[in-house]
Amino acid sequence: MLPDPQADVQEFRETARAWLAQNLERRSGQEERSARGLTHRTIEDIATQRALQKRVYEAGFAGITWPVEYGGQGLTADHEAAFLDESEPYAMPDMGIAGVVTIKVCAEVILRHASEEFKRRHLPKMLSGEEIWVEFFSDSAAGSDLAGVVTTAVRDGDDWILNGEKVWSSGAYYADFGLCLARTNWDVAKHKGLTWFAVATTQAGVTVEPLREITGDIEFCRETFDDARIPDSERIGEEGSGWQVAQTALRFEREASSGSLTTGTKIPRPGPLAPDLVELARRAGRSDDSHARQLIAKAHADDFASRALGERLSRMMAAGHPAGGALISYVKLARGIVEPVHAKAAIEIGGAAAVTWPQGDRLGATFALDYLNSRVTAIAGGTNEIQRNTLGERVLGLPREPNVEQQLTFRESQDRARGLSKGQG
Amino acid sequence: MTSDFPVWLAPEEREPAEAIAGLAGSSPLDRARAVGDGHGGLDRAFIRSAGAAGRYGCIAGEETIARACIAAEQWGRMVAPEPWIETNVVIETLSRAGPAPGHAVIVASLLEGRELASWASNNLPGWWGSGEGVRVEADAVAGGFVLNGETGAVPHADSVDWILLAAMDGGSFSHFLLPTGTAGVSFEPRECLDLTRPSQTVRLDQVRLGAAALIGARGSAPAEIARQVQVAIPLALSQSIGAMRAVTEGAIAHARSRIAFGRPIGSFQAVKHMLVDASLGIEMSAALRDAAARAVDEAQDDAAEIVSMAKAFVARTGIDVAHVAWQVLGGMAYMWENDFHLYLRRLTADAAFLGSEAWHNEHVVALHERSL
Ligand SMILES: Cc1cc2nc3c(=O)[nH]c(=O)nc-3n(C[C@H](O)[C@H](O)[C@H](O)COP(=O)(O)OP(=O)(O)OC[C@H]3O[C@@H](n4cnc5c(N)ncnc54)[C@H](O)[C@@H]3O)c2cc1C
């Protein structure tokens, strides 16, 4: 007789429930945000979380759907959903933005493109909290135009010699590896000369410099590569296949940053009325002011609309919409538009109360922090304009812009662009 | 608007879309233009054939608002010049008012498209703000009521058979179903931005109605209206969304084929990005409409809030989307012969009917008053 799959999920759920109750603490509801919050994430704090992750891993609750040979449990999505359900009330290990990127972006790329040996070597450690990974995607010289990176790796026997500079790598100061896009050939077309590598943050020739952001906190970093020697066994995907691999990376990054889509078909509800704006109106004595009330209602509807959009797009994708995964950009763009509108409304409603607050008032500081964070979605991981290009071309079928780099090698294209900047048409 | 842009329909939309598109003997836009140009009123033969095919009256029996919205979106795509929403609100109201003698007959003839009804939705007690209040008074007399006063704009008032209206009745409000041919009823023409939805002021001068004209109990109108609004708004938003899709698809097709400076204009980012924002606005509108229809169907406790959020959002977005197409079509949009202006006019009027964005925004905040 075949085992009953649902009974198996139920048994797993009960095991998880018992283990969680004995091993984890319940959430207090007063937690700080795990990334881009008021409190700096220290290396010590992350170390505590790594230890917690190790316990979850050893108990068999990490990588629930991943293959067993890479440290996973080889179970179904239903098992994973059951665990997510059960773990909801608990303070789960939280390694900040890099913790999310490790599993949701880097591991997905590795699973699909790295060699078997590479996967066995790294993936179990990514699950156990031993290896935290970040994105070494953007160069100082290239963000939106990711294929335009100039960080360069040159083959030297069994190794590659890496030189260049990455920047804005979120969480790199506490991470172990960066998933790094480098140019391995300047004399072919831009998209053809790229290759991915795993770069250890602590290795010789790599300097990680934490950067202070506009919020005052330190989260992202700059890395300089000065003849850093990378073994060829740390290459991900074929030499020159970097752009194909990048499609996977960008897709999962977009998904990770579109949050609401991961809730899938869960029916969204409006919830409380824009609590930050309501509180600012109260502080400014404007709870009865009709202009403030209009702004509050708009922000509330915009927020609900972008969550409802995620649910609607999930349904459209499941029903076979021909644009498929490209639709996710709509959620990223929606949030990239409504978050700054919300932030500006807070300033307008709060007036002086939004821009100055009593010393030590965490709520006042949070309003300011939210304002300063309000364009992260609009910029990081593909700007609003880049999402609009993608949607216009892949979903609406509008024609592409003329490609001025066609038939040029990357080197020629760079020379041409430099001429344009100096005003030579 | 016709377009060669591939239109994707969800599986549940395909059958109703085809059926409704297949109904029209004449092109639906010809019907809209006939009404818009003031030649002849409603195409009764068309409505009867739609009713006979089971596609006209649609909120009866087991039908959900969510499913009715699918049909509404199709009617909206063709700027349908019929009082479809109003007729269906009346059907729903009568169906729920209980088995009053005579009502079943009216419901059946409305469902079949043999008769048409409109609804004085601009004059609901307590809705849409000052100046839109009820200006009709009912006096109980032996064997019925006498009505006096006037309404605001009632869509297609002079072309329908019945008008549902609220009247002051002592200290409260009651609903009446007015047969438009009754002595003392007259129509004052109005000019309308939306050519395909002509509206008139209805004047009532000593209009005598029998007791059967009363819908529901005396004084029950305010509670009834809260329900009517929740039925009407998701349907109205769906019609707006259909119109938004039609103009945007037309603009996309144009952006793909119109050449300027040696390139299709859709390759210019200024044009491309506007169209993407319009398409995003449409999907967000549809997501809110879906949420509103579901909330009403399932009698969620946040239904009133979601309905108002959706109406406010679509009011603002519908106009924005129309303006994007307007700009992308350029000079062509300014030609009477181009259908675009029918949609622009419709979407602009849709934003104002059933409560403005500002009214619904305030309503949403008021529903949360205790948290302020
Ligand atoms: C908080 C934060 C965290 C980040 N984390 C990471 C990380 O962990 N790892 C990482 O690798 N990177 C990270 N980034 C970098 C981020 O991905 C880039 O900033 C982003 O992709 C934009 O690139 P850029 O800053 O070089 O801007 P640019 O590409 O120089 O763009 C500048 C402006 O030009 C516009 N523009 C550029 N190209 C076009 C075009 N084709 N059409 C129209 N407009 C265009 C852009 O939209 C933008 O408005 C982070 C950034 C931020 C702000």
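The values are calculated or read from the model by the stated rules, or taken from the named source; none is laboratory data. Computed from a predicted structure; not experimentally measured. Here the Cβ is made from the backbone with ideal geometry for all residues, glycine too, and neighbour counts use every protein chain on show. Note: accessible area is taken over every heavy atom of the protein model, side chains too, but ligands, DNA and RNA are not part of it. Shrake-Rupley method; radii C 1.70, N 1.55, O 1.52, S 1.80 Å.
When Rg and Dmax are taken over the Cα atoms of region A:272-330, they come to 16.7, 50 Å. Rolling a 1.4 Å probe over the heavy atoms of the protein chains gives region A:259-395 an accessible area of 41 Å² per residue. Remark: spin-label model distance residue A:380-residue A:244 equals 3.1 nm, labels positioned 7 Å along the Cα→Cβ axis. Once you order the gyration tensor axes a ≥ b ≥ c over the Cα atoms, which shape class does region A:287-425 get: rounded for a/c under 1.5, otherwise prolate or oblate by comparing a/b with b/c? Oblate, since a/c reaches 1.5 and b/c is not below a/b. Quick one: with all protein chains in place, what share of the accessible area of the protein assembly as shown is carbon or sulfur, to the nearest percent (1.4 Å probe)? For the protein assembly as shown, the apolar C and S fraction of the accessible surface comes to 53 percent.
Taking 10 °C and 1.306 mPa s as conditions, the protein assembly as shown diffuses translationally at an estimated 53 µm²/s according to Stokes-Einstein applied to its Kirkwood radius (Cα pairs). Potential lengthening of the chain between residue B:193 and residue B:12 amounts to 61.8 nm, from the contour at 0.36 nm per residue minus the alpha-carbon distance.
Pairs exceeding 31 Å between alpha-carbon atoms, taken from A:166/A:422; A:54/A:192; A:422/B:272; A:119/A:266: A:54/A:192; A:119/A:266.
Under a no-solvent Debye model with one identical scatterer per Cα of region A:9-94, what's log10 I(q)/I(0) at q = 0.16, 0.22, 0.23 Å⁻¹? Values returned for q = 0.16, 0.22, 0.23 Å⁻¹ are -0.70, -1.13, -1.18. With protein chains left intact and a 1.4 Å probe, residues in chain B average 37 Å² of accessible area per residue. In plain terms, the chain from residue A:14 to residue A:68 could stretch by 17.3 nm, reckoned as 0.36 nm per residue minus the Cα-Cα distance. Let me know the whole percent of all Cα-Cα pairs from region A:197-249 that are separated by more than 17 Å. Within region A:197-249, distances greater than 17 Å cover 54 percent of Cα pairs. Across all Cα pairs in region B:11-111, the calculated P(r) in 5 Å bins from zero up to the longest distance comes to 2, 12, 23, 23, 18, 12, 6, 2, 0 percent per bin. Computed from the Cβ-Cβ distance with R0 of 25 Å, the FRET efficiency linking residue A:43 to residue A:365 stands at 0.60.
Inter-label distance, residue A:417 to residue B:217: 7.5 nm, where each label sits 7 Å from its Cα along the C-beta direction.
The peptide list B:141-149, B:200-208, A:25-33, B:281-289, put in order of mean Cβ contacts within 10 Å with the highest first, becomes B:281-289, B:200-208, B:141-149, A:25-33.
Computed from the Cβ-Cβ distance with R0 of 25 Å, the FRET efficiency linking residue B:19 to residue B:298 stands at 0.40.
Principal semi-axes of the equivalent ellipsoid, √(5λ) from the alpha carbon gyration tensor of region B:117-218, are 22, 16, 11 Å from largest down. Look at the alpha carbon pairs under 8 Å that are at least 6 residues apart: their mean separation over the length of region A:135-242 gives a relative contact order of 30 percent. How large is log10 of I(q)/I(0) for region B:222-371 at q = 0.12 Å⁻¹ when the intensity is taken from the Debye formula with one equal scatterer per alpha-carbon? Scattering profile of region B:222-371, log10 relative to I(0): -0.54. Surface burial for B against A, with a 1.4 Å probe and both sides summed, reaches about 4100 Å² of accessible area.
Under the simplified labelling scheme, the residue B:334-residue B:114 pair shows an inter-label distance of 5.1 nm, with each label point 7 Å from Cα along Cα→Cβ. Its convex hull of Cα atoms gives region B:82-146 a direction-averaged projected area, equal to a quarter of the hull surface, of 5.8 nm².
Entry note, region A:304-425: relative contact order of 27 percent, from Cα contacts under 8 Å with a spacing of 6+ residues. Span-like helix check, chain B: qualifying full DSSP H segments, with Cα axial length of 20 Å or more and mean Kyte-Doolittle of 0.5 or more, are B:303-329.
Screening chain A for whole DSSP H helices of 24 Å or more along their axis (Cα) with average Kyte-Doolittle hydropathy at least 0.5 returns A:328-350.
Mean partner shielding of peptide A:316-325, defined as the number of other chain Cβ atoms within 10 Å of each residue Cβ, is 2. Please work out the Cα center distance from region B:73-96 to region A:348-403, rounded to the nearest Å. With region B:73-96 and region A:348-403 each reduced to a Cα centre, they are spaced 40 Å. Convex hull volume of the C-alpha atoms in region B:181-270, normalised per residue: 172 Å³. Across all directions, the average projected area of the convex hull around the alpha carbons of region A:135-242 is 6.4 nm². A Gaussian network model of chain A, with springs between Cα atoms under 10 Å, assigns the largest mean-square fluctuation among A:294, A:244, A:387 to A:294. Computed over the protein assembly as shown, the per-residue total of -39500 (n - 2.57) for DSSP H runs of n ≥ 4 gives a 222 nm mean residue ellipticity of -15000 deg cm²/dmol, rounded to 500. Rounded to two decimals, the Cα-based Rg/Rh of chain A, with Kirkwood Rh, is 0.98. Using R₀ = 56 Å, calculate the FRET efficiency as 1/(1 + (r/R₀)^6) where r is the Cβ-Cβ separation of residue B:370 and residue A:186; round to 0.05. Efficiency, from the Cβ-Cβ distance: 0.30.
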